[in-house]
Structures are given as C-alpha cells and as structure tokens.
1. Test of understanding: what is the full-extension gain from Thr33 to Gln262, defined as 0.36 nm times their sequence separation minus their Cα-Cα distance?
2. Determine the share of the chain's accessible area contributed by carbon and sulfur atoms, expressed in whole percent, with a 1.4 angstrom probe.
3. Taking a spot 7 Å from the Cα of Asp125 along the direction of its beta carbon, which residues of region 141-175 have an amide N less than 18 Å from it?
4. List, largest first, the extents of the alpha carbons of region 233-307 along their principal axes, each in whole Å.
5. In terms of modelled amide H atoms, which long-range or inter-chain residues lie less than 5 Å from the amide H of Gly439?
6. What is the dipole size for the chain, taken about its Cα centre, with +1 at each Lys and Arg Cβ and -1 at each Asp and Glu Cβ, in debye to the nearest 20?
7. Label points 7 Å out from Cα along the Cβ direction at Ser397 and Gln41: separation in nm?
8. So for region 144-227, taking the charge dipole from beta-carbon charges (+1 Lys/Arg, -1 Asp/Glu), which of Val149, Tyr201, Thr170 sits furthest toward the positive end?
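The values are calculated or read from the model by the stated rules, or taken from the named source; none is laboratory data. Keep in mind the model is a prediction, meaning the values are calculated, not measured. Cβ coordinates were reconstructed from backbone atoms using ideal geometry, including for glycine residues, and neighbour counts include every protein chain displayed. The area values use the complete protein model at the heavy-atom level, side chains included, leaving out ligands, DNA and RNA. Shrake-Rupley method; radii C 1.70, N 1.55, O 1.52, S 1.80 Å.
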Amino acid sequence: MRVRFPWVGGWIGLVVTAWSLVPDGSARAGEFTDVVAGLGQISTISGQAHTTTTNPDGTSIDFWRSEYEGAPARQASLSNPHIAAADAYGNLYVADKASHSILKITPDGLIHTFAGTHEPGFNGDGPARATTLQIYSPNGLFVFPDGTVFLLDPGNHRIRKVDPSGIMTTVVNDPDPSWMPSGRALWVSADESLIYYCHEYPPIPPSLVASGAVIKQWTPVGGIQTVCDSGVGFRNPGNLAVNPVDGRLYVTDRAEEDLTRQETGLFRIDGVNLRTRITGNVNEPKAASGQEALHSFIEQPRGIAFLADGSYFLCGHKDGNIWYIDIHGILHRYVQGSGKGDTYLIDDGDRPPLINRNVISQPRAVTLAPNGDLIGVSNDSGYLFRVRSVAEPVVPSDVVLTRNLSATGVLLRWSGVFGRGYRVERSGVLPTAAWEPVGAVGGGPTGQPTRFLDSHGTDGSSGFYRILPSL
C-alpha cells in the first residue's frame with residue numbers, strides 16, 4: 001500500500017509498507033487470551049548451566065572469555081546478567097554485571113561486547129568508544145528503538161549513554177557518598193529529559209543489611225532530586241517503569257534483606273515520598289491465577305513491563321513465576337518457576353503459558369521488545385530467553401509530514417502503538433532498490449502522537465519515506 005502526500009517543504013511523498021490491518025494483541029483491553037494469542041513460541045538465546053556461579057568470597061563468577069567475542073550466544077556463558085532489552089533492528093543488549101560489560105547479541109545470534117572492557121573500574125566519562133571505557137557492575141539498562149542505550153553503572157555512581165554509533169558519555173554523575181554499589185532500576189523518557197533510577201544505602205554497623213534505598217530522578221534543569229527517600233520503606237528495588245495510561249512511576253521492591261518480608265511488593269509512586277501498594281504483603285494469600293494482585297503475595301517482585309493498555313508482565317525472584325496482570329488487577333500465571341535453585345527446562349518451540357511444572361527459576365527481569373517479543377532473564381546461570389510476537393503491526397494510517405519550524409529537518413507524525421518500534425527509511429526517487437535507514441522511534445502512550453525528526457531532510461529536494469515495523 002502506498003500513501004501519497006501533497007508537497008510539503010520540498011518533500012513530496014511517503015511510502016507505507018503493506019502491513020495488514022490486524023488488531024495488535026498488545027493494545028487490547030487486558031484480556032489474557034488475547035495476550036497469549038499475540039505471543040508465540042519461546043526460545044533460548046543464551047545461557048549455560050554451571051555447578052556454581054559464586055566465588056568463595058560470595059561474589060559472582062565472571063565467566064566471560066575472549067573466545068566468546070563474535071561467537072554464537074548459545075555457546076557463551078553469561079555472568080550474573082540482570083536485565084536484557086532490544087532495539088528495533090533485532091539487537092539484544094544484556095547488562096552482564098559480573099563481567100562488567102553490556103553485551104550485544106545481533107540478529108545472527110552472535111554475541112559481542114557493546115560497552116565496558118570486562119575489567120571493573122573507572123577510566124573516564126567520555127565521550128569515547130564504549131568498549132574503551134570501564135564500567136563497574138552494570139545491572140540496569142534502558143534501550144531505545146534506534147539503538148541508543150542508557151546503562152546504570154552503580155560501581156561508579158553514574159548513568160551512561162551509548163549512542164547508535166557506539167560512543168559513550170556520562171549523563172548523570174551522582175556524588176552521593178552513601179550510594180552503595182547497587183541499583184538495578186533505570187527508566188528514561190522518550191525525549192531523554194527525565195531519568196528515574198535507584199540505589200541502596202550501605203549498612204549501619206554493626207548491621208550487615210543495607211540501610212534502605214532511595215528513588216531518584218534526574219532532569220537537565222533540576223539535576224538530581226529525591227523522589228522517595230530511605231524513610232519511605234524501600235529496601236532493595238528491583239526495577240521500575242512508567243505506566244503509559246496513568247503516567248505514574250511503578251517500583252518493584254525485592255526487599256531481599258527484609259527477613260520479615262513485609263516490605264516486598266510492587267508500589268505506585270503518587271508523589272514525593274508517597275507510595276501505594278499494588279501487590280499484597282506477606283499476610284495475603286500466596287499468588288495464584290485468578291486472584292487480585294492487591295490481595296496476593298508475590299515474593300520479591302523484580303521485573304516489570306507495561307503494555308499499551310496499562311496491563312503488565314511481572315516476575316518474582318523468589319516467587320519464581322512470570323505473571324500477567326490485566327487491567328482489572330487480576331493475576332494470570334504465564335511461566336511457572338521456582339524461587340530457588342537453577343532450573344531451566346525450556347525447550348525451543350514451547351509456547352506459553354507454561355504452567356504445568358517449574359521450567360525456570362529466579363526470574364530477574366522481563367521486558368518487551370519494540371517488535372512485541374517478550375524478553376526474560378532468569379537463573380544465577382544467566383539464561384536469556386524470548387517469546388516471539390505473532391501479532392501483526394498496526395498500520396500508521398494518519399502520517400503527516402511537515403517542515404519542523406523549531407529545528408532543522410522534516411518531522412513525521414502519526415498515531416503509534418505504545419511500546420512498538422518503527423524504523424524509518426528514506427529515498428530520493430521511486431522506484432528504488434536502496435532505501436537509506438534514517439532512524440527508529442517508539443510509539444508513545446495512547447493519545448500522544450509518535451514523532452520522528454529527520455534532521456537531514458533539509459536540502460529542499462524531493463524524496464520519499466517508508467515506515468517499517470521493528471525486526
């Protein structure tokens with residue numbers, strides 16, 4: 001299907017590929033059956049079983065070897081990975097904490113070092129090639145569809161940015177002397193003007209337990225500000241995300257060191273030092289399908305990923321399961337697992353729900369790729385797996401091209417789907433055998449247009465664009 005537009009600032013047209021008009025399962029009203037139908041088979045991307053993943057001193061073993069560079073990811077051992085996320089071009093990025101690196105798995109299944117040198121430390125803020133700068137125990141990342149990667153570098157009290165060309169810079173340098181080298185949680189707004197992150201405070205002797213945790217935000221104007229201080233009750237936040245429907249920040253608190261288990265749960269942030277519990281405390285019944293999340297105990301919730309309608313996937317580290325919570329707050333078990341051990345019994349080609357036996361253990365993170373795939377990380381051995389999306393993309397039928405008045409370039413605008421990525425390509429003539437990739441962008445929350453600025457579309461010549469789904 002081709003859609004032609006009037007002459008706009010020297011650019012005379014746009015091509016939209018022939019996407020079929022099939023409803024996107026991720027955008028429906030929280031119905032579990034539709035979500036299940038929109039996701040297909042599961043496959044293992046990386047991970048190897050190990051008899052132990054811990055050194056005698058209690059630290060995690062670094063399994064990275066130079067021979068892994070450029071090798072098939074299925075043959076590589078990950079080192080205490082904490083989260084994985086994807087861009088619109090089919091690349092996966094892994095925060096591999098114990099190898100002090102961000103790893104990249106390309107669509108051909110090969111694994112590469114993307115950021116870090118595999119040696120902990122600090123040798124500069126950049127700008128410099130990401131693989132020349134040291135990072136220290138990275139355990140959080142946030143990936144944009146165009147391949148821009150933000151990473152949490154807790155050992156250096158920093159948040160780093162790696163642009164699509166592979167150049168790393170430091171965005172946030174948090175001088176807080178009480179930042180214990182931990183974190184895990186990181187979220188960045190689409191325009192990069194707001195960053196949420198967290199860190200723990202070191203124990204107060206003689207205690208060996210972290211003295212609470214803090215949720216912070218950073219903006220270019222306001223700098224670092226506290227959203228929730230340690231008095232609010234956070235102990236060991238596992239991840240955080242912004243709900244596209246209500247615009248609120250949601251924080252999972254693993255509360256690993258809380259022996260009473262009272263503080264563990266998912267919380268919504270309603271203002272400075274204000275939080276509302278979304279999953280039940282330890283006094284509520286153990287989580288089960290069909291129960292309300294608010295009245296169900298999920299032990300050590302850790303990963304969270306929102307869909308367009310405000311429903312979400314949630315995984316519990318000691319709970320062991322990956323759950324889907326619909327817009328009514330009802331639990332649906334999606335992948336069953338154990339909260340201990342190193343179980344991994346997934347066979348390529350299995351299709352969730354997998355709920356008849358424990359097939360994973362200790363899930364650490366769950367994210368949604370720009371193409372709709374569900375990405376999971378589990379086990380101390382560090383297994384990375386993917387559930388393929390089978391839902392058809394939605395056609396952007398209302399694309400508008402304008403000359404951007406506030407910045408040089410051509411602005412494309414359409415109604416996108418939250419969480420889905422769109423690749424944009426350009427050509428000077430039609431027909432053409434060679435389209436030039438110019439970037440990618442993610443769909444915004446419902447009611448907010450998706451925008452893409454082509455800053456090079458300024459020479460006044462005629463041309464065409466086409467919009468493609470994420471790989």
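1. Working: separation 229, 0.36 × 229 = 82.44 nm, distance 3.28 nm.
Taking 0.36 nm per residue and subtracting the Cα distance, the gain is 79.2 nm.
2. Numbers: 9810 of 18600 Å².
Here it works out to 53 percent.
3. 150-163, 167-175
4. Each principal axis gives a Cα extent; for region 233-307 these are 30, 29, 19 Å.
5. Hits under the 5 Å cutoff: Val424.
6. Working: 37 positive and 46 negative charges, 125 e Å.
Roughly 600 debye for the chain.
7. Placing both labels 7 Å along Cα→Cβ, they lie 3.3 nm apart.
8. My answer, from the dipole projection, is Tyr201.
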